[in-house]
Amino acid sequence: CRFEHAERILSTRISLLRSIRRAEQVDQIGEFASPLYVQATKAERTCLLKLSATARAAGKLQASVNAVGLAHKLADGHANTDDVKEEFAHVLWDQGEHTSAISLLRSVNLTKNRRAIVFAQIGRAHV
């Protein structure tokens, strides 16, 4: 029940942010995105990553994969995707793809402390 509530709230936020982005795209000139468009995109990506983590915690791995995939599409080469890669590594780990998860995490630009924390979180998830 907790996941369903969180999913509804996050989905509502994502829909509102998507509407803001669409409205801003209409007024966009060329390749120059407005500051509001950029901020709405970042916020939507953050909501999608939170949705993925929440779904993972509830054992809803397909919902997690879908959310992290949409977050990755939002980045579309224009933004740092380390947060998306980190979440996707968690999803891969939970799916039993441990080698792929570790490989992906090694490609993420993390500080030594953050890298240790992430590897500990992944390892703790299945102890």
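The values are calculated or read from the model by the stated rules, or taken from the named source; none is laboratory data. All values derive from a computational prediction rather than experimental measurement. A quick note on method: Cβ atoms are made from the backbone with ideal geometry, for glycine too, and the neighbour counts reach across all protein chains shown. Just the protein is used for accessible areas: all its heavy atoms, side chains included, with ligands, DNA and RNA removed. Shrake-Rupley method; radii C 1.70, N 1.55, O 1.52, S 1.80 Å.
If only residues of segment 5-23 that are touching a residue at least 12 places away in the same chain (Cβ under 8 Å) and either in contact with a Pro (Cβ under 9 Å, 6 or more places away or on another chain) or open to solvent by 60 Å² or more (accessible area, probe 1.4 Å) (or both) are counted, the one that is farthest from residue 60 (Cα to Cα) is 20. Reported count of residues in segment 29-56, each being open to solvent by 50 Å² or more (accessible area, probe 1.4 Å), among the aliphatic types (A, V, I, L, M) and part of a helix (DSSP H, G or I), is 2. None of 48, 74 is within 20 Å of residue 16 (Cα to Cα), in contact with a helix residue (DSSP H, G or I) (Cβ under 6 Å, 6 or more places away or on another chain) and either modelled with pLDDT of 95 or more or aromatic (Phe, Trp, Tyr) (or both) except 48.
Residue under question is residue 108, and the condition is that it be buried (at least 17 other Cβ atoms within 10 Å of the Cβ), of a type outside the set (S, T, N, Q), part of a helix (DSSP H, G or I) and touching a helix residue (DSSP H, G or I) at 6+ places or on another chain (Cβ under 9 Å); does it hold? In short, no. Residues in segment 57-87 that are out of contact with any Leu (no Cβ under 6 Å at 6 or more places or on another chain), open to solvent by 50 Å² or more (accessible area, probe 1.4 Å), without any contact (Cβ under 8 Å) to a residue 24 or more places away in the chain and assigned to a helix (DSSP H, G or I): 62, 66, 72, 73.
Residues are listed down the side, and each one gets a yes or a no for (1) within 16 Å of the chain's Cα centre (by Cα); (2) of a type in the set (S, T, N, Q):
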| position | (1), (2) |
| --- | --- |
| 11 | yes, yes |
| 18 | yes, no |
| 33 | no, no |
| 73 | yes, no |
| 93 | yes, no |
